[in-house]
Amino acid sequence: MALDTLKHVQYIKSLDKKTDTLEYWMTAHLRLNGIYWGTTALALLGHGDALDREQVVEQVLACRHSNGGYGGNPDHDPHMLSTLSAIQVLATYDALDRADTEATAKYVASLQQPDGSFAGDQWGEIDTRFLYCGVSCLSILGRLDLIDVDAAVRYLSACQNFDGGFGSVLGAESHAALVFCCVGALAILDQLHLVDADRLGWWLAERQLKNGGLNGRPEKLEDVCYSWWVLSSLSMIGRLHWINKDKLQEFILSAQDEDGGIADRPGDMPDVFHTLFGVCGLSLLGYPGLQPVDPRYCMPRAVTDRLFSHHPRE
Ligand code: GRG
């Protein structure tokens, strides 16, 4: 089975036109995340110009608040998850100069807690996802100097469990998506030596099931999105070869929908989240014709190369 690139491009392009569907309105709070998932998938598929740049940039800027944070949709409260997506999309379209990024950097930094962790917004939920968002965002903006990096690293380090994995908060069960968040943040901060790579690599490799797909933790079902969370983590710790690449590639390709888009597993309905992470997984596996993805940022390598030639990540 081969990757149906053009159908996936058409599928992503069609998403913003389906405004008469329940799904469209049920996912309103995720609109900015959706723009990031779609535009990143298009860029990795080699069709970064498939959407109108100005329209995308305007859509992102419409979600901006005066404090520098971004909401999931215009008039939605600012949140760390949508703020990272906004910055990633603006960076991908080389449009960071269109927003007051200094205010955004200050908004993000204001959510760091004394123990180094990050809250998702003003209401104070703590999660390693938000720590990743904070570190990734500030690194893209070249403003890691605004936070207590040592405290963030101490918090991340303390989150590593006996099995080598990481969870959503101190002491929480290891979960592959949170492994990406913690390892990704440590990679961005150049602190990967703190990870027990053999132990973590073993736990990650055990996520592969007989059908080639990966799950997110023991006894759970396979899901295409773990092709990103698991594989990017293995890539960052230099152990990508610890899983069976051919079987994973076949699993991802078999989750393609005949009308475009990729689903969580074969036979299910496709969505843009799984489309991005399926394409990202294939890119890390070296699938021909795909643009390389940066495992630390989940952005095209060409974009992060351009960004960090302007300013050092520190
Ligand atoms: C830039 C790629 C990128 C991410 C930014 C938001 C974020 C940082 C990471 C999100 C990580 C996360 C927690 C993803 C959710 C993955 C997922 C499918 C969770 C489902 O959890 P369960 O318990 O699934 O329903 P399992 O598979 O364990 O049954």
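Tabulated data
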| read-out | value |
| --- | --- |
| Label-point separation in nm, PHE162 to ASP145, each point 7 Å along Cα→Cβ | 4.4 |
| Spatially proximal lysines relative to LYS245 (Cα-Cα < 25 Å; intrachain offsets below 8 disregarded) | LYS7, LYS210, LYS220 |
| Farthest toward positive dipole pole in region 27-310 [+1 Lys/Arg, -1 Asp/Glu at C-beta], among LEU51, GLY34, ALA205 | ALA205 |
| Nitroxide proxy distance, nm - points 7 Å out along Cα→Cβ at ASP198 and PHE308 | 2.7 |
| Cα-centre dipole for region 27-310 with unit charges at Cβ (Lys and Arg positive, Asp and Glu negative), debye to 20 | 520 |
| Mean separation of Cα contacts under 8 Å, 6 or more apart, over the residue count of the chain: relative contact order % | 18 |
| Hydrodynamic radius by Kirkwood, which averages 1/r over all alpha carbon pairs of region 1-113, in angstrom | 14.7 |
| Principal axis dimensions, region 173-219 - Cα atoms, whole angstrom, descending | 35, 19, 18 |
| Net length gained if the chain between LYS7 and ALA172 were fully extended (0.36 nm per residue, minus Cα distance) | 55.4 nm |
| Accessible surface, the chain, averaged per residue in Å² (probe 1.4 Å) | 42 |
| Kirkwood hydrodynamic radius over Cα pairs of the chain, then Stokes diffusion coefficient at 20 °C and 1.002 mPa s, in µm²/s | 110 |
| Carbon/sulfur fraction of accessible area - the chain, other protein chains in place, 1.4 Å, % | 52 |
| Candidate aspartates and glutamates for bridging to LYS247, where Cα separation is under 20 Å - those fewer than 8 sequence places away on the same chain excluded | ASP4, GLU206, GLU219, GLU222, ASP223, ASP257, ASP264, ASP268 |
| Where TRP228, TRP37, TRP123 fall by accessible area, highest first, once all protein chains stay in place (1.4 Å) | TRP123, TRP37, TRP228 |
| Modelled label reach - THR21, point 7 Å along Cα→Cβ, region 255-291 residues with backbone N closer than 17 Å | 256-265, 267-277 |
| Relative contact order (%) - region 94-134, alpha-carbon pairs under 8 angstrom, separation at least six | 27 |
| In nm, spacing of pseudo-spin labels at LEU209 and ASP75 (7 Å Cα→C-beta vector) | 4.1 |
| Value of relative contact order over region 201-314, rounded to a whole percent, pairs C-alpha under 8 Å and six or more apart | 20 |
| Highest-MSF residue in the chain out of ASP271, ASP121, ASP52 [GNM, Cα springs under 10 Å] | ASP52 |
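The values are calculated or read from the model by the stated rules, or taken from the named source; none is laboratory data. For clarity, every value in this text was computed on a predicted model and none was experimentally measured. A quick note on method: Cβ atoms are made from the backbone with ideal geometry, for glycine too, and the neighbour counts reach across all protein chains shown. Accessible surface areas use protein heavy atoms only, side chains included; no ligands, DNA or RNA. Shrake-Rupley method; radii C 1.70, N 1.55, O 1.52, S 1.80 Å.
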